């Protein structure tokens, strides 16, 4: 005698966030069921899924309200009133991308699905933005000329180069906002008006943006504008997140600051592994000058500066006033004074958009 038919849902293994089930209902659910889910999960929508957990529709609180006002019964099938082509994000999407979609579409929740459209989690605006606002401010260095990009930056500053449908600096700010940073300072010089016109006061991206304006005839380098921050914010008590305005990297600013605090460092540098294959056979020689071996096309592994930092206010005071300086120079000043400089590994995709090839790679064209 054969046993009961297996539940097809038990045959599908999906790595699902625990809270997702509370936001879902089967595709045969009624409007009453949807109302219960929305109330229970305290979100703005209910995700309808089939037996394999594939998303077949989304019913928002607005959809529910419109259906009832149009005379629908609470026992009506919810799928009739659902959006059957809802906005979704793919598994592994960065927080900045999720936040960008929510702000662009003015929605407060979006399901994340795997390659087979099976739900793995539900992003809500409060989760993505973060319930806790960090006391830290961030400085984005966006004043460079972008000379390595040639004519591309003649009329458009490098931070406004578009990647994935948005300027690079938008992705940077959205990432900071998603990690809890709500106060951002942008250092500008070259084509400053273009950047200020685009970003405005930052409210469109969920933060407050203030501009640190360098003198046109006195570029201050990658660190000099931090002195301008000190001038306008002499009350700084918390570490400052600092990064270049031409980076495509989805890092966690909150994790960086936690690591920085744990090490007691004056400066923490984001570092990234870089590997280079030597295209020749490398000769190994002993002290007697004789050949001891040959390494054919060896790979050299190094750690490089990822141009993402956490900086204590007292370290900023080491920078000269009204003179150019760089972040590597600031690191050297800290080391010369026996101040701790920590390293924080960044494993996420990282692209320094400095050349046309880099820009094409960021766009996924090479």
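The values are calculated or read from the model by the stated rules, or taken from the named source; none is laboratory data. From a predicted model like this one, the values you see are computed outputs, not experimental measurements. We place every Cβ from the backbone using ideal geometry, glycine too, and count neighbours over all the protein chains shown.
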Residue 102 meets each of (1) in a helix (DSSP H, G or I); (2) surrounded by fewer than 20 Cβ atoms within 10 Å (Cβ to Cβ); (3) within 31 Å of the chain's Cα centre (by Cα); (4) free of Cβ contacts under 8 Å to residues at least 40 places away in the same chain with one exception, condition (2)
(1) out of contact with any strand residue (DSSP E or B) (no Cβ under 8 Å at 6 or more places or on another chain); (2) modelled with pLDDT under 90: which one isn't true of residue 124, the others all being true? (1)
In region 128-159, which residues are modelled with pLDDT of 60 or more and in a loop (DSSP other than H, G, I, E, B)? 132, 133, 134, 135, 136, 137, 142, 143, 144, 155, 156, 157
Looking only at region 239-261, and only at residues there that are modelled with pLDDT of 90 or more and touching a helix residue (DSSP H, G or I) at 6+ places or on another chain (Cβ under 8 Å), the one that is nearest to residue 158 (Cα to Cα): 243
Within region 82-94, is even one residue on the phi > 0 side of the Ramachandran plot and either crowded, with 20+ Cβ neighbours inside 10 Å or at pLDDT 90 or above (or both)? no
List every residue pair whose Cβ atoms lie under 7 Å apart, where the two residues are 6 or more positions apart in sequence or sit on different chains, the first residue falls within region 285-301 and is under 30 Å from residue 272 (Cβ atoms), and the second residue, located anywhere, is assigned to a loop (DSSP other than H, G, I, E, B). 297/278; 297/279; 297/280; 298/278; 300/278
Please go through region 194-213 and pick out each residue that is surrounded by 21 or more Cβ atoms within 10 Å (Cβ to Cβ) and under 11 Å from residue 141 (Cα atoms). 212
Residue count, region 214-237, condition in a loop (DSSP other than H, G, I, E, B) and exposed (fewer than 15 other Cβ atoms within 10 Å of the Cβ), comes to 7
Top-ranked residue in region 105-120 [being part of a loop (DSSP other than H, G, I, E, B) and surrounded by 16 or more Cβ atoms within 10 Å (Cβ to Cβ); ranked as farthest from the chain's Cα centre (by Cα)]: 117
Among the residues of region 160-207, the number that are under 15 Å from the mean Cα position of the chain (by Cα) and either part of a helix (DSSP H, G or I) or closer than 23 Å to residue 232 by Cβ (or both) is 19
If residue 56 satisfies all but one of (1) assigned to a strand (DSSP E or B); (2) more than 16 Å from residue 112 (Cα to Cα), what's the number of the condition it fails? (2)
Could you check residue 75 against (1) loosely packed, with under 13 Cβ neighbours inside 10 Å; (2) in contact with a strand residue (DSSP E or B) (Cβ under 6 Å, 6 or more places away or on another chain); (3) touching a residue at least 60 places away in the same chain (Cβ under 8 Å) and say which number it fails? (3)
